[in-house]
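Below is one structure; the comments refer to it alone.
The values are calculated or read from the model by the stated rules, or taken from the named source; none is laboratory data. Just so you know, these numbers come straight off a predicted model, no measurement behind them. Positions of Cβ are generated from backbone atoms using ideal geometry, with glycine treated the same way; all protein chains shown enter the neighbour counts.
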Amino acid sequence: MEKYGKILGVPYDLRLPTPARIRERMWNPDDPRIVTPRVFGAGWTINFATLREKSKVGFVIALVITSLIYLNGVHKLYKKLKRDG
């Protein structure tokens, strides 16, 4: 199996992320796509630079949702560490 490509139209990339690939996929104003392949794993991610240029409201909404998802993960990890520690 190749380390990156598409399965049934869904992109995947199993290579270790690099700073260049993260920038290319998540903050690339030269790429007109708002949705790009994920840096690691299967599916898509948001190109925040293009989203910011095309929709200020969409950028803020995506930023808030992404922050909430991240904070939820941190909160779950904190609770687990507190319970196990």
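If I filter segment 59-77 down to residues being of a type outside the set (Val, Ile, Thr) and under 15 Å from the mean Cα position of the chain (by Cα), which single residue comes out as surrounded by the most Cβ atoms within 10 Å (Cβ to Cβ)?
Among them, the one singled out is PHE59.
Search segment 24-48 for residues that are in the same structural domain as ILE69 (by TED's automatic domain parsing) and pair each with any residue that is at pLDDT below 95 and among the aromatic types (Phe, Trp, Tyr) when their beta-carbon atoms are under 9 Å apart and the residues are at least 6 apart or on different chains.
none
Could you grab me the full set of residues in segment 28-50 that are under 26 Å from LEU8 (Cβ atoms) and either of a type in the set (A, V, I, L, M, F, W, C) or touching a His at 6+ places or on another chain (Cβ under 7 Å) (or both)?
ILE34, VAL35, VAL39, PHE40, ALA42, TRP44, ILE46
Quickly run through segment 24-44 and pick out the residues that are over 10 Å from the mean Cα position of the chain (by Cα), surrounded by fewer than 16 Cβ atoms within 10 Å (Cβ to Cβ) and under 15 Å from SER55 (Cβ atoms).
Hits for segment 24-44 are PRO29, PRO32, ARG33.
Failed condition for GLU2, given (1) of a type outside the set (S, T, N, Q); (2) more than 21 Å from ALA62 (Cα to Cα); (3) modelled with pLDDT of 95 or more, with all others met?
The number of the failed condition is (3).
Given the structure, is PRO37 at pLDDT 90 or above and either touching a strand residue (DSSP E or B) at 6+ places or on another chain (Cβ under 8 Å) or at positive phi (or both)?
yes
Which of the residues belonging to segment 11-56 are outside any strand (DSSP E or B) and closer than 20 Å to MET1 by Cα?
Once the filter is applied, which keeps residues that are outside any strand (DSSP E or B) and closer than 20 Å to MET1 by Cα, segment 11-56 yields LEU14, ARG15, LEU16, PRO17, ARG38, VAL39, PHE40, GLY43.
If you scan segment 57-76, which residues turn out to be of a type in the set (Ser, Thr, Tyr) and either under 29 Å from GLY5 (Cβ atoms) or touching a residue at least 24 places away in the same chain (Cβ under 8 Å) (or both)?
THR66, TYR70
Within segment 54-84, which residues are hydrophobic (A, V, I, L, M, F, W, C) and within 18 Å of ILE34 (Cβ to Cβ)?
Result: VAL57, PHE59, VAL60, ILE61, ALA62, LEU63, VAL64, ILE65, ILE69.
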